[in-house]
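To start, the structure under review is shown below, and the notes come after it.
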Amino acid sequence: IVVRKGERIRAFVLAAGPNTWSAFHVVGTIMDRVWIDGNPANEQVGLQSLNLSASQGAIAEFRLDEEGTYPFVTHDFTNAAKGAVGLLRTENAPHAAGGH
């Protein structure tokens with residue numbers, strides 16, 4: 001997913017379950033604000049990972065302040081080992097050798 005450096009990003013995250021927790025994490029940044037279950041009364045600030053039980057969701061806001069590629073994962077790394085890794089890349093990030 002290509003984004004602008006410094007742009008506020010709002011991610012809507014869901015631990016779809018049915019029985020596995022998730023810890024959403026964007027490598028290299030801190031989530032400025034998070035609303036557990038999308039409820040303004042449940043606001044949290046300054047999180048590195050967002051722990052969600054099965055079927056629980058949240059809204060997370062953060063910025064990528066440096067040009068680069070930022071993987072996002074759940075810290076249940078059995079999923080990452082199966083390929084469940086996403087990438088946020090800023091518009092002017094250098095491409096990896098051989099990449100597009």
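The values are calculated or read from the model by the stated rules, or taken from the named source; none is laboratory data. Given the structure is predicted, the values throughout are model-derived calculations rather than measurements. We place every Cβ from the backbone using ideal geometry, glycine too, and count neighbours over all the protein chains shown. In case anyone asks, the SASA skips ligands and DNA or RNA and just uses the protein heavy atoms, side chains included. Shrake-Rupley method; radii C 1.70, N 1.55, O 1.52, S 1.80 Å.
Rounded, prolate or oblate, given the Cα gyration tensor of the stretch 1-44, with a/c below 1.5 counting as rounded?
Values: a/c = 2.16, a/b = 1.38, b/c = 1.56.
Cα axes put the stretch 1-44 in the oblate bin.
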Relative contact order for the chain, counting Cα pairs under 8 Å that sit 6 or more residues apart, in percent: 35
Which one of 84, 41, 29 has its Cα pushed farthest toward the positive end of the charge dipole of the chain, where Lys and Arg give +1 and Asp and Glu give -1 at the Cβ? 84
Roll a 1.4 angstrom probe over the protein heavy atoms and tell me the percent of accessible area of the chain that is carbon or sulfur. 52
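Using a simple charge model, +1 on the beta-carbon of Lys and Arg, -1 on the beta-carbon of Asp and Glu, nothing else, what dipole does the stretch 9-100 show about its Cα centre, in debye to the nearest 20?
Numbers: 5 positive and 9 negative charges, 50 e Å.
That gives a dipole near 240 debye.
Taking a 1.4 Å probe, which of 75, 25 shows the most accessible area, and what order do the others take after it?
Ranking 75, 25 by accessible area, largest first, yields 75, 25.
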